[in-house]
Amino acid sequence: MAMRMISVLACVAAATASHPPPYGHPAPHYGGYQQQHYCDPTAAPACAANSSLTYCLEDAEYPAYEIKAAISQDHLFAKKYADIGTQSADDLVDGLSAEQESAFDYGYYTGSSKGDSPYDVTHWAGPAGYICPSDVAYAQPRRAQNVAGEWRVIVNDVHYYTQTARLETCLHPDAACRALAPCYKSKCTQKYIYHRMLSYDPCDPYKGLFIDIYRLPAACSCHVPAL
C-alpha cells in the first residue's frame with residue numbers, strides 16, 4: 001500500500017511539472033513576485049524627443065481612444081471643461097489686430113548691431129513688431145510637463161473638445177531689445193504663466209480626467225537692469 005501511494009504521488013508531481021498551471025493562475029516567479037511594467041511619468045514622450053520644450057503641439061502617439069472613453073465615463077466632465085477656441089490678438093492684445101500680429105517679421109533681427117559701431121543703423125531698422133521679437137501661437141497642446149515635472153496628456157481635439165493657450169516664446173532670449181540704445185544693456189526675457197488644463201495620466205489611467213497645472217511661455221519682455 002505504501003509503495004502504491006508513493007507511486008501515485010510521484011505521478012502527480014510529474015504531471016504538475018510537465019504541464020503549466022491552468023489559465024488565470026500563472027506560475028510563481030523567483031522571489032515570490034512577478035516583474036511588472038514600470039511607467040515613468042517624468043520620462044519625456046516620443047513627441048518631445050530632441051526638444052527642450054516642455055510641451056508637444058503634435059503627438060503621433062496621442063491616446064485619442066482612451067481620452068474618448070474617459071470623457072464618456074466622467075459624469076462631471078461638463079463642469080471641468082472650459083475653453084475659448086477662437087482666441088486671437090483681436091481679443092487678447094490691446095490696440096493690435098490679429099492680422100497685424102501675424103504679419104510681424106523678424107527675419108532681419110540679430111540682437112545687436114552688425115556694423116563697427118554699437119549704434120549702427122541695423123540695430124534700429126526693421127518693420128513693425130514687438131520690441132522683443134517673439135513667436136506667437138494660439139495653440140492646443142497635446143502633451144505637457146506639469147509643475148511637478150511629470151508628463152500628462154492634455155484633452156485636445158477629441159469629440160470637438162479643445163483647450164487653447166496663447167504661447168509667446170522669445171526668438172532671441174537674452175539678446176538686446178531692438179530699437180533701444182545699447183548703452184542701456186537691455187535684454188529680452190522670457191516670461192511664463194501657469195495654465196490649468198484638463199488632463200489624463202497615461203501612467204495611471206484609473207485617475208480618469210483631472211485638472212493639472214502647467215508652466216507655459218506667455219510673453220517676451222524687455223528688461224533693463226539698474227544702472
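Quick notes on this one:
- Residue in region 53-63 that is under 27 Å from the mean Cα position of the chain (by Cα), modelled with pLDDT under 95 and either of a type outside the set (A, V, I, L, M, F, W, C) or farther than 21 Å from HIS195 by Cα (or both) present: no
- ASP135 falls short of the stated requirement of being in a loop (DSSP other than H, G, I, E, B) and open to solvent by 50 Å² or more (accessible area, probe 1.4 Å).
- Residue within region 176-184 that is in contact (Cβ under 8 Å) with a residue 24 or more places away in the chain, of a type in the set (Gly, Ala, Ser) and part of a strand (DSSP E or B) present: no
- Residue within region 199-212 that is surrounded by 15 or more Cβ atoms within 10 Å (Cβ to Cβ) and within 30 Å of GLY95 (Cβ to Cβ) present: no
- If you go through region 151-167 and keep only what is modelled with pLDDT of 95 or more, surrounded by fewer than 21 Cβ atoms within 10 Å (Cβ to Cβ) and charged (D, E, K, R), you end up with just ARG166.
- The condition (being loosely packed, with under 14 Cβ neighbours inside 10 Å, at pLDDT 95 or above and small (Gly, Ala, Ser)) is satisfied by just one residue among ALA219, ALA125, ALA148, ALA181: ALA148.
- Per-region count, region 40-85, residues in contact (Cβ under 8 Å) with a residue 12 or more places away in the chain, out of contact with any Ser or Thr (no Cβ under 7 Å at 6 or more places or on another chain), closer than 19 Å to VAL136 by Cβ and open to solvent by 40 Å² or more (accessible area, probe 1.4 Å): 3
- Residue match in region 186-193 (condition: among the β-branched types (Val, Ile, Thr), open to solvent by 60 Å² or more (accessible area, probe 1.4 Å) and either at pLDDT 95 or above or under 23 Å from GLU58 (Cβ atoms) (or both)): yes
The values are calculated or read from the model by the stated rules, or taken from the named source; none is laboratory data. From a predicted model like this one, the values you see are computed outputs, not experimental measurements. No Cβ is skipped: glycine too gets one built from the backbone with ideal geometry, and neighbour counts run over all protein chains shown. We work out accessible area using only protein heavy atoms, side chains counted, and drop any ligands, DNA or RNA first. Shrake-Rupley method; radii C 1.70, N 1.55, O 1.52, S 1.80 Å.
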